[in-house]
Amino acid sequence: MRFLPDAEQRAFAASLDAMLGSADTPSVVRAWGRGEHTAGRALWSRLAEAGVFALAVPEAYDGVGPRPVELALAFVELGRHAVPGPLAETVAAAVLLSGSDGLAARFLPSLAAGRTMATVAPEGAFALDGDAAEIRLGLASDGLRLSPGHGPARPSLDPSRRLTRLLPGGELLSPDPPAGLALTWARLATAAQALGVGLALLDRTVAHVGRRTQFGVPVGSFQAVKHRLADARIALEFARPLVLGAALTMRPDDVAAAKLTACEAAYATARTALQLHGAIGYTAEYDLSLWLTRARALRGVWGSPDDCRTAVIDARARPRG
């Protein structure tokens, strides 16, 4: 197995990093959290032009996929820049709709092109950004349904992750959607996104402790601070090959392990970042908060840490044939 991206993959990730670095994503995130989607949709279109959403869509339906490795690399950059919106949900929707040629032809070209967003949730449950998504998929007892609408948006731990309850009923799209495969792709996207969030938190904290002084020297020169940052770096670097390895195999247990490791590393890095920033880290006006809340939110979506541990343990307990 090859765990390191090749030159073309590295160039793709670098191009996304450069594009998002010039996009003032903190302003986009804050507007999105207020329910103002114009800037977020413009950024979504630019990501689609770069081919991000096409990576989960088969070539027959205007995509370039499925290409999970490139998708993981892209989502690391989306996490690094705290891009808002139903990102993993759109990937999951693309997989769910790929199970039928009719549904794929109807929905996937617009998803790949960025003309539409999608969100997914158990029918009647809260879905991410249902007020922004044009395609709202409800997983009901009788299959996959196209929800006819949503309830009012409500805040969540991460202010940019707006939750809306999907209305029950609607058109039955498929009685037997590939829900397990969609969960695997969503977990991979979430793991990669969490890795990017953790890397951004670490970079910002290293820069902060290098500027902040105490007793006439940078705080970053203190041994205790160095140890905390080193622990965060090691955790994130251990998570990186798990994410890329899971993208290569796409085994559900490998992906669950990657999500568990990446999300726990990002959450631990968030705690370190908050402590080393001091009181300023608690303020919503300070940009660090955008990554702090995202790290906590990603830890619990598409499978809690306990869910992912269970998936790994159950898979290891089964005989392989």
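The values are calculated or read from the model by the stated rules, or taken from the named source; none is laboratory data. Since the structure is predicted, the reported quantities are computational estimates derived from the model, not experimental observations. Methodologically, a virtual Cβ is constructed for each residue, glycine included, from the backbone with ideal geometry; neighbour enumeration extends over all protein chains shown.
Things to note:
- Considering S45, S100, the condition of being modelled with pLDDT under 95, of a type in the set (S, T, Y), surrounded by fewer than 18 Cβ atoms within 10 Å (Cβ to Cβ) and over 16 Å from T164 (Cβ atoms) is satisfied by S100 alone.
- Residue match in the range 76-84 (condition: more than 14 Å from the chain's Cα centre (by Cα) and in a helix (DSSP H, G or I)): no
- In the range 105-129, the residues that are modelled with pLDDT of 95 or more and at positive phi: G114, D129
- Every pair of residues 6+ apart whose Cβ atoms lie under 9 Å, when the first sits in the range 224-244 and is assigned by TED's automatic domain parsing to the domain that holds Q193 while the second is modelled with pLDDT under 95 and of a type in the set (D, E, K, R): L244/R2
- Boolean, D24 is of a type outside the set (A, V, I, L, M), touching a helix residue (DSSP H, G or I) at 6+ places or on another chain (Cβ under 7 Å) and modelled with pLDDT of 95 or more: no
- Test: residue in the range 204-219 that is in a helix (DSSP H, G or I), among the basic types (K, R), at pLDDT 95 or above and under 18 Å from the mean Cα position of the chain (by Cα): no
- Each residue in the range 283-311 was checked for being within 21 Å of L199 (Cα to Cα), of a type in the set (S, T, N, Q) and assigned to a helix (DSSP H, G or I), and 2 pass.
- Note on the range 156-199: residues that are among the aliphatic types (A, V, I, L, M) and buried (at least 24 other Cβ atoms within 10 Å of the Cβ) amount to 11.
- Some residue of the range 112-134 being crowded, with 21+ Cβ neighbours inside 10 Å, farther than 18 Å from A297 by Cα, assigned by TED's automatic domain parsing to the domain that holds G170 and free of Cβ contacts under 8 Å to residues at least 40 places away in the same chain: yes
- Filter result for G102 (outside any helix (DSSP H, G or I) and over 18 Å from T119 (Cα atoms)): no
- Residue within the range 236-253 that is outside any helix (DSSP H, G or I), hydroxyl-bearing (S, T, Y) and surrounded by fewer than 16 Cβ atoms within 10 Å (Cβ to Cβ) present: no
Let's see how each residue does on (1) under 23 Å from V76 (Cβ atoms); (2) among the hydroxyl-bearing types (S, T, Y); (3) loosely packed, with under 14 Cβ neighbours inside 10 Å; (4) assigned by TED's automatic domain parsing to the domain that holds A191:
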residue	(1), (2), (3), (4)
A258	yes, no, no, yes
R271	yes, no, no, yes
L274	yes, no, no, yes
Y282	no, yes, yes, yes
D287	yes, no, no, yes
L292	yes, no, no, yes
R296	yes, no, no, yes
D306	no, no, yes, yes
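- Exclusive hit being over 19 Å from L97 (Cβ atoms), in a loop (DSSP other than H, G, I, E, B) and within 20 Å of the chain's Cα centre (by Cα), set P152, P159, P168: P159
- V91 falls short of the stated requirement of being part of a loop (DSSP other than H, G, I, E, B), touching a residue at least 60 places away in the same chain (Cβ under 8 Å), within 14 Å of the chain's Cα centre (by Cα) and within 24 Å of G35 (Cβ to Cβ).
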